[in-house]
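K.L.:
Sharing a structure, written as structure tokens. Questions coming.
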Amino acid sequence: MKCEIAKNAKKGENLLVFFTEEGWKKEKGKLKKELDSDFSGKAKEVAVLYGVGGFRRIILSGLGKKKKLDLESFRKAANSFAVKAKKMKLKKVSVDASKGHSLSGEGIENAILEGIMLGQYSFLKYKQKEAKEEVKIGSVKFLSSPGGQKLKKRLENTIKIMQNTMIARDLVNSSSDEVTSLEFEKISKSISKKCGIKASVMNENEIKKKGLGLIAAVNRGSNLPARLIFLEHSGGKKGDPLIAVVGKGISFDSGGYNLKPSGHIEQMRMDMAGAATVLGVMKSLAELKVKKNVIGVMAITENMIDANAYKPGDVFKAYDGTTVEIKNTDAEGRLILADSVAYTVKNKKPDFIFDTATLTGSCITCLGEMAAGVISNDEKKAAELQKFSHMPEIFERVWVLPSYDEAGESLKSEIADLKNLGWKGKAGTITAGLFIGKFVKNTPWIHIDIAGTGMNDGKRRDYIPEGGTGFGVKLLTEFIKESSFKKMKRKNR
Ligand code: BES
Ligand code: ZN
Ligand code: ZN
């Protein structure tokens, strides 16, 4: 995607303009009768006028009622345009965002760009004919916007974050046979080379030798080796706080011997969405040259059935020495994340940990696809993230759930230190999150359950088509960039 800023549009271009219902009413009065159309400015409405004012086309996109107008209205209206533009096979558009509505302030152009880029996304990797015929907008020109260079920089950042969001979407949507641990390793190494960040990979033998017994246990049923992948972005000064972002990368979740039934197993190639988010975040932080020290950690394996697979009732030892009774082989995400955070805490000594995972079906029951569920040991930071995530500039929403002590206690096992299941069928998102929390020690930590938000399981919702959403790439990149993190007080450091 190319983006430029110019004072005026030229003759023969396609011009995109946005109107609220009230804004259109005013404008309509001024127009010649011949230009009358059925357009009324309602949300999702798009109309095309031909041969007006020397333009090839003028495209009108509805923002809805003035009362409800915010940046999300622009994202959605830009998406409605994007869908129509694809049908018309438009490659270029000029945008005049300065009239037709009463919203002011920064961020309108960014929201429009986001709506166009995410709205034009489609997953055509396996649709050979459509892939060949697809035409997308490759260039957007914004008109008469003040603040030239600063705006340009902001729009370029948006382009990068959106491209990385779409990389995450592609990874989630692709066949599990392709997006394996080895593929994650390959992509990580290539991102490392391209973006100047450090990649290191722990292979299967090292995982076993170093005692990451929970990752090894989940991996036992798979023909593919497990990987623990690290991407390090050192954008800050030496000695600045280190932030870790850990992602669940189950390349396929069959459920193991607690096999998932038909109707539930089919989407489970998406169970690596957390790791895909981490990739997208690390690439974005590097490309935006964010001045923070951040380490991305991705734990990748399948959860499969095999004569050698782990079984319900077995006990395994975690990296930190905790013994864990397996009550359900389908609760595998918390196991690989437990070892990942324990290893990261001990060896990388982060001052803050985020983890992101398609962890529980209960999270979908509770919050649908509207918001991700958060569990944290840092109430203040979690509240800050929740507020940040609801800002119209961001709008990838998270909701903080309570970390009550009883929920943590429900993870005590009769025969081992812990079990991988809390109360059956109750508060599943909370107990799963708190399981991971047992392994972060006293490091401040936020867990983000993206089971609902990471994949759109139904019909297209504006700029979120069916399938992988790339949820969290923008949220975490921007939050890490904007929020301030403190150094942890440690003895013998
Ligand atoms: N990957 C699933 C969670 C999931 C379910 C993500 C549906 C997206 C859509 C996870 O590994 C899982 O199976 N969780 C179980 C936990 C249960 C056995 C305690 C669940 O949520 O049912
Ligand atoms: Zn599972
Ligand atoms: Zn899973």
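Conditions tested, residue by residue: (1) over 20 Å from residue 463 (Cα atoms); (2) more than 16 Å from ligand 2 (Cβ to nearest atom); (3) buried (at least 18 other Cβ atoms within 10 Å of the Cβ).
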site	(1), (2), (3)
363	yes, no, yes
367	no, yes, yes
371	no, yes, yes
378	yes, yes, no
381	yes, yes, yes
406	yes, yes, no
426	yes, yes, no
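K.L.:
Return only the number of the condition from (1) closer than 30 Å to residue 241 by Cα; (2) in contact (Cβ under 8 Å) with a residue 40 or more places away in the chain; (3) more than 14 Å from ligand 1 (Cβ to nearest atom); (4) in contact with a Phe, Trp or Tyr (Cβ under 7 Å, 6 or more places away or on another chain) that residue 373 does not satisfy.
P.N.:
It is condition (3) that residue 373 fails.
K.L.:
May I ask you to list the residues in region 329-379 that are away from ligand 3 (no atom under 16 Å from the Cβ) and polar (S, T, N, Q)? So that I can check it myself, show each step before the final result.
P.N.:
Residues of region 329-379 away from ligand 3 (no atom under 16 Å from the Cβ): 341-354, 366-371, 374-379.
Correct list: 344, 347, 376, 377.
K.L.:
Determine which member of the set 113, 63 is in a strand (DSSP E or B), of a type in the set (A, V, I, L, M) and closer than 20 Å to residue 464 by Cα.
P.N.:
Checking each option against the conditions leaves just 63.
K.L.:
Can you say whether residue 25 is in contact (Cβ under 8 Å) with a residue 24 or more places away in the chain and loosely packed, with under 15 Cβ neighbours inside 10 Å, as far as the supplied structure shows?
P.N.:
For residue 25, the condition - in contact (Cβ under 8 Å) with a residue 24 or more places away in the chain and loosely packed, with under 15 Cβ neighbours inside 10 Å - is not met.
Matching residues to (1) within 14 Å of ligand 1 (Cβ to nearest atom); (2) open to solvent by 10 Å² or more (accessible area, probe 1.4 Å); (3) in a helix (DSSP H, G or I); (4) in contact with a Pro (Cβ under 7 Å, 6 or more places away or on another chain):
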{"site": "232", "(1), (2), (3), (4)": "no, yes, no, no"}
{"site": "236", "(1), (2), (3), (4)": "no, yes, no, no"}
{"site": "244", "(1), (2), (3), (4)": "no, no, no, yes"}
{"site": "251", "(1), (2), (3), (4)": "yes, no, no, no"}
{"site": "282", "(1), (2), (3), (4)": "no, no, yes, no"}
{"site": "299", "(1), (2), (3), (4)": "yes, no, no, no"}
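K.L.:
Given (1) open to solvent by 10 Å² or more (accessible area, probe 1.4 Å); (2) within 16 Å of ligand 3 (Cβ to nearest atom), identify the lone condition not met by residue 273.
P.N.:
Failing condition for residue 273: (1).
K.L.:
Report, by residue number, each residue of region 205-214 that is closer than 15 Å to residue 321 by Cβ and either β-branched (Val, Ile, Thr) or under 28 Å from the mean Cα position of the chain (by Cα) (or both).
P.N.:
212, 214 - these are the residues of region 205-214 that are closer than 15 Å to residue 321 by Cβ and either β-branched (Val, Ile, Thr) or under 28 Å from the mean Cα position of the chain (by Cα) (or both).
K.L.:
As an exercise: evaluate residue 335 against (1) more than 26 Å from residue 456 (Cβ to Cβ); (2) open to solvent by less than 50 Å² (accessible area, probe 1.4 Å); (3) more than 14 Å from ligand 1 (Cβ to nearest atom) and give the number of the one condition it does not meet.
P.N.:
Single failed check for residue 335: (3).
K.L.:
Additional query: Go through region 228-269 and give me each residue that's among the basic types (Lys, Arg), out of contact with any Leu (no Cβ under 7 Å at 6 or more places or on another chain) and within 16 Å of ligand 3 (Cβ to nearest atom).
P.N.:
Within region 228-269, the first condition is being among the basic types (Lys, Arg), and the residues that meet it are 237-238, 248, 260, 269.
Within this subset, residues satisfying the condition of being out of contact with any Leu (no Cβ under 7 Å at 6 or more places or on another chain) are 237-238, 260, 269.
Listed by number, the residues that qualify are 260, 269.
The values are calculated or read from the model by the stated rules, or taken from the named source; none is laboratory data. No experiment lies behind these values; they were computed from the predicted model shown. Quick reminder, even Gly has a Cβ in these numbers, built from the backbone with ideal geometry, and neighbours come from all protein chains shown. Ligands, DNA and RNA are excluded from the accessible area calculation, which covers all protein heavy atoms including side chains. Shrake-Rupley method; radii C 1.70, N 1.55, O 1.52, S 1.80 Å.
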